[in-house]
Amino acid sequence: MQEMVALTGNEAAALAFKQIEPDVVAAYPITPQTELMHDVAGFVHDGEMRTEFITVESEHSAMSACIGAAAAGARTMTATSGQGLALMWEMLYIAASYRLPIVMANVNRALSGPINIHCDHSDSMGARDTGWIQLFCENPQEIYDSIIQAIRIAEDKRVQLPLMVCYDGFIISHTMQPLKVLDKETVQKFVGKRQPEFSLLNVEKPFSLGALDLPPYYYEHKRPQVEAMKNALDVVLAVAKEYESLSGRRYGYFEEYRTEDAELLLVGLGSFTGTAAEAVDIARNEGIRAGLLKLRLFRPLPKEALSQALKKTKAACVYDRALSFGLGGPLAHELRSVAYETGLKVPIASAIYGLGGRDITEHDIAAHIRKLWNDYKKDSIKMETEFLNLCE
């Protein structure tokens, strides 16, 4: 049974939290995540969630509490944004290294300075090598669906890694859109009960957690995280397939739009992709054979699938909402690495947009597509990073 409702991105995330009903939620408020945890706190207060809600003094403490709860065997969730994620930095690595399947909503926000409360992807991109799985969402429907799927992915015995569901602050977190939601019973049956591999509370099987790990062992303890990330590639698809049977909504590593005969492929993350799809339609009406790839799974990067997608096109441009200084866009750099590793000769341009929440419209993107198309026709796609809508 599904119901059509209208919710903001934060409300959709809060509803997913409520229906999952984790054992523990530890959180600290930060814009633009705050409404999400306000809603969750309200559900707990009103008796609609049987969850231990822990209010803490900082995001570092929030993740520390999540680590303790997850290590004790509790299903554990949290949420943050921007500087909050940065304050968790040390603990992000620890959660992943301890193989704790914590699920976190990260409402993307630009990192200071100067201080900015609006969206870009500098927070989650900075955390891309902490060992967390990362899913990106375009709209409230994807937020709701991805958080529910995240529990199954993170807790799968082949994975056992933390996972962050990322979505654009204010642009999606505070925008209301229609979506279909499942009933609580169906969600709880789908996620099941957590079956931890170990628990600090199990005195019959004591173990050490957080011990000093010197050179004879540290390297070997890190290596299994690599295999767990590889395993996540299969698990993401398996969970998505099972979820499709419940919801009728299909998810994968990415979604393609008008790519069947595309000679110019746009690649991006999050809310940008809905606007970019409209720009592709504008370009198509002008005879430009453009298409769009909306990446959902960023960590682990689905290299083989991306390589197959790139093989179908003649040129590409990756649109990043974050900077990797000295390289340009972090996603663009990674797509270029995929092309190089697999021997593809596809030129991949790099464009930066929307830092600190600056708007980009379908007409802005369409104008850039025209420029790229002209460069492509002249066999002169430029490799240096472009900065779109930058004030002169």
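The values are calculated or read from the model by the stated rules, or taken from the named source; none is laboratory data. Worth saying up front: this structure is predicted, and the values here are computed from it rather than measured. So basically every Cβ, Gly included, is an ideal-geometry build from the backbone, and we count neighbours across all protein chains shown.
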Self-check item: Residue, surrounded by the fewest Cβ atoms within 10 Å (Cβ to Cβ), within segment 229-262, restricted to residues that are within 17 Å of the chain's Cα centre (by Cα) and part of a strand (DSSP E or B)
Solution: Glu255
Self-check item: Single match in Val44, Val25, Val40 (criterion: within 26 Å of Ser97 (Cα to Cα), in the same structural domain as Met176 (by TED's automatic domain parsing) and in contact with a Ser or Thr (Cβ under 9 Å, 6 or more places away or on another chain))
Solution: Val25
Exercise. Select, from Val226, Val239, Val267, Val280, the only residue that is out of contact with any strand residue (DSSP E or B) (no Cβ under 9 Å at 6 or more places or on another chain), among the β-branched types (Val, Ile, Thr) and in contact (Cβ under 8 Å) with a residue 40 or more places away in the chain.
Key: Val239
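Matching residues to (1) more than 14 Å from Glu11 (Cα to Cα); (2) in contact with a Leu (Cβ under 7 Å, 6 or more places away or on another chain):
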residue: Gly169; (1), (2): no, no
residue: Gln188; (1), (2): yes, no
residue: Pro196; (1), (2): yes, no
residue: Leu200; (1), (2): yes, yes
residue: Glu204; (1), (2): yes, no
Practice problem: Could you identify the single residue in Thr186, Thr130 that is part of a helix (DSSP H, G or I), among the polar types (S, T, N, Q) and either surrounded by 24 or more Cβ atoms within 10 Å (Cβ to Cβ) or more than 13 Å from the chain's Cα centre (by Cα) (or both)? | Solution: Thr186
Self-check item: Breaking point among (1) modelled with pLDDT under 95; (2) over 21 Å from Ile133 (Cα atoms), for Met176
Solution: (1)
Exercise. Starting from residues that are surrounded by 10 or more Cβ atoms within 10 Å (Cβ to Cβ) and in a loop (DSSP other than H, G, I, E, B), keep the ones in segment 204-225 and report whichever is modelled with the highest pLDDT.
Key: Asp213
Quiz prompt | Residues of segment 72-90 satisfying the condition of being among the aliphatic types (A, V, I, L, M) and within 18 Å of the chain's Cα centre (by Cα) | solution = Met77, Ala79, Leu85, Ala86, Met88
Self-check item: Which numbered condition Val107 misses (of (1) over 17 Å from Val165 (Cα atoms); (2) buried (at least 18 other Cβ atoms within 10 Å of the Cβ); (3) of a type outside the set (D, E, K, R); (4) touching a Gly at 6+ places or on another chain (Cβ under 9 Å))
Solution: (1)
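Tell me, please, whether a residue that is acidic (Asp, Glu), more than 21 Å from Gly356 (Cβ to Cβ), assigned to a helix (DSSP H, G or I) and in the same structural domain as Val40 (by TED's automatic domain parsing) can be found in segment 117-124.
no
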Quiz prompt | Every residue from segment 338-392 that is under 23 Å from Lys312 (Cα atoms), under 26 Å from the mean Cα position of the chain (by Cα) and surrounded by fewer than 12 Cβ atoms within 10 Å (Cβ to Cβ) | solution = Tyr340, Glu341
